[in-house]
1. Check cross-link reach from Lys15 to the lysines: straight Cα distance under 17 Å, and skip same-chain residues fewer than eight apart.
2. Which lysines have a Cα lying under 19 Å from the Cα of Lys92, excluding residues fewer than 8 positions away in the same chain?
3. Calculate, for Ser105 and Phe20, the FRET efficiency according to 1/(1 + (r/R0)^6) with r their C-beta to C-beta distance and R0 22 Å; round to the nearest 0.05.
4. Skipping prolines and chain starts, which residues have an amide H placed within reach, meaning under 5 Å, of the one on Gln101, given they are 5 or more residues away or on another chain?
5. Please turn the phi angles of the stretch 131-141 into ³J(HN,Hα) values with the Karplus equation 6.51 cos²θ - 1.76 cosθ + 1.60 (θ = phi - 60°), one per residue in order, whole Hz, x for glycine and proline.
Amino acid sequence: ILAPTEVLAAQHHHKLKPLFERVGVRCGLLQGALKRKDKRTVLEQLTTGELDVVIGTHALVQDHVAFKSLALVVVDEQHRFGVAQRLSLIAKAGEGLLAHQLMMSATPIPRTLAQTYLSDLAVSNLHEKPPGRKPIVTKLLSQKKREQLIAAIDKELQQGHQVYWVCPLIEESEKLDL
């Protein structure tokens, strides 16, 4: 399972590993942030077949990554990867073989739409949210309410909840006043 960020790969691993283990499927995580020893262990387990499923980032498309038997590649947020990266991964199935691929995207982009129309790409749409999903609350606040916002975030964190604070820019911009 190929994810575009280390955070998303870790989230997938955290959620999926217990589910896989219940049915005897061995699952590992491969990403750039792993310690060298842990990375070497995962790479070895992929080569020997000790791992049935690996969840990872761009680290999976590196030349030195090899699989004993690669049959299916799941690409999350497929538009975040280049065509060559996805092709290099499915080609790791072995000599003369190509792994099946499932590409996922919450954001249909022109290339994906063209693939569905012009090539052999089947589309599945999921129109409902997973059961038990809590509603998401989105708020926009002015700069004047910053202290109130920080207090509200602190309260949520103290209760063990998650908060996502989305900022329009990471660094100041001369072009945008945000």
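Values quoted throughout were computed directly from the atomic coordinates according to the rules given, and no laboratory measurement underlies them. All of these numbers come straight from a predicted model, not from anything done at the bench. Please note: Cβ atoms are built from the backbone with ideal geometry, for glycine as well, and neighbour counts cover all protein chains shown.
1. Answer for Lys15, where 17 Å is the Cα cut-off: Lys129, Lys134, listed by chain and number.
2. Leaving aside lysines fewer than 8 places away in the same chain, those within reach of Lys92 are Lys39, Lys68.
3. According to the calculation, E is roughly 0.40.
4. Val73
5. x, x, 6, 7, x, 9, 9, 10, 9, 10, 10
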